[in-house]
1. Tell me which residues, restricted to the stretch 43-66, are open to solvent by less than 50 Å² (accessible area, probe 1.4 Å), over 11 Å from residue 101 (Cα atoms) and not in a strand (DSSP E or B).
2. Residue 50: basic (Lys, Arg) and either in contact with a Gly (Cβ under 8 Å, 6 or more places away or on another chain) or closer than 18 Å to residue 87 by Cβ (or both), yes or no?
3. Residues 79, 31: which one is over 21 Å from residue 136 (Cα atoms), part of a loop (DSSP other than H, G, I, E, B), of a type in the set (Asp, Glu) and at pLDDT 80 or above?
4. Restricting attention to the stretch 83-92, which residues are buried (at least 19 other Cβ atoms within 10 Å of the Cβ) and either among the acidic types (Asp, Glu) or in contact with a helix residue (DSSP H, G or I) (Cβ under 6 Å, 6 or more places away or on another chain) (or both)?
Amino acid sequence: MQWVSEQAERGAEASERYDAVFVDIFDGTNETPAPFRDAPFLQDVHRLLRGDGVVLMNLHTGEPRLDGQCASAKAAFREAFHCGCYALPVRYQGNTVLAATARPLFGSKEALAREARANAVELGVCTFDPAPRLDRLAPL
């Protein structure tokens, strides 16, 4: 977290910006520590992303304490990114993945599904169907 803050503070050059940042951090009590769920950290991450970059955060959910932490993280995502924020509950796993971009990357779930299917075909993963996952995708 200190490294992210220092990089954002010094103003990373375009060549030092990232396409994606994944936050998948848990402590001994199965929680993502509060500083990683707060707006200041996410604002720093936002400054380190390329224009079409994305941040993804995996949070444990499924019990009141963890669901409350997820709700506060959603608010921090909205504060840091303003648009292009989404939540995707992971079915049967007790997780929710939050995603945010500097700007919306797609106009509709249908457009995103078409692009995902085309990418799957290109990569030879023809059995991949994004529709069930996208049905759970919700804007924040």
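1. 44, 48, 61, 66
2. In short, no.
3. Just a single option satisfies the conditions, and that option is 31.
4. 85
The rows are residues; the columns are (1) open to solvent by 50 Å² or more (accessible area, probe 1.4 Å); (2) more than 20 Å from residue 49 (Cβ to Cβ); (3) in contact (Cβ under 8 Å) with a residue 12 or more places away in the chain.
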position: 71; (1), (2), (3): yes, yes, no
position: 81; (1), (2), (3): no, no, yes
position: 94; (1), (2), (3): no, yes, yes
position: 97; (1), (2), (3): no, no, yes
position: 102; (1), (2), (3): no, no, yes
position: 111; (1), (2), (3): no, yes, no
position: 126; (1), (2), (3): yes, yes, no
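The values are calculated or read from the model by the stated rules, or taken from the named source; none is laboratory data. Please read these numbers as outputs of a predicted model, since none were measured by experiment. Because the Cβ atoms are built from the backbone with ideal geometry, glycine has one as well, and the counts that use them run over all protein chains shown. In case anyone asks, the SASA skips ligands and DNA or RNA and just uses the protein heavy atoms, side chains included. Shrake-Rupley method; radii C 1.70, N 1.55, O 1.52, S 1.80 Å.
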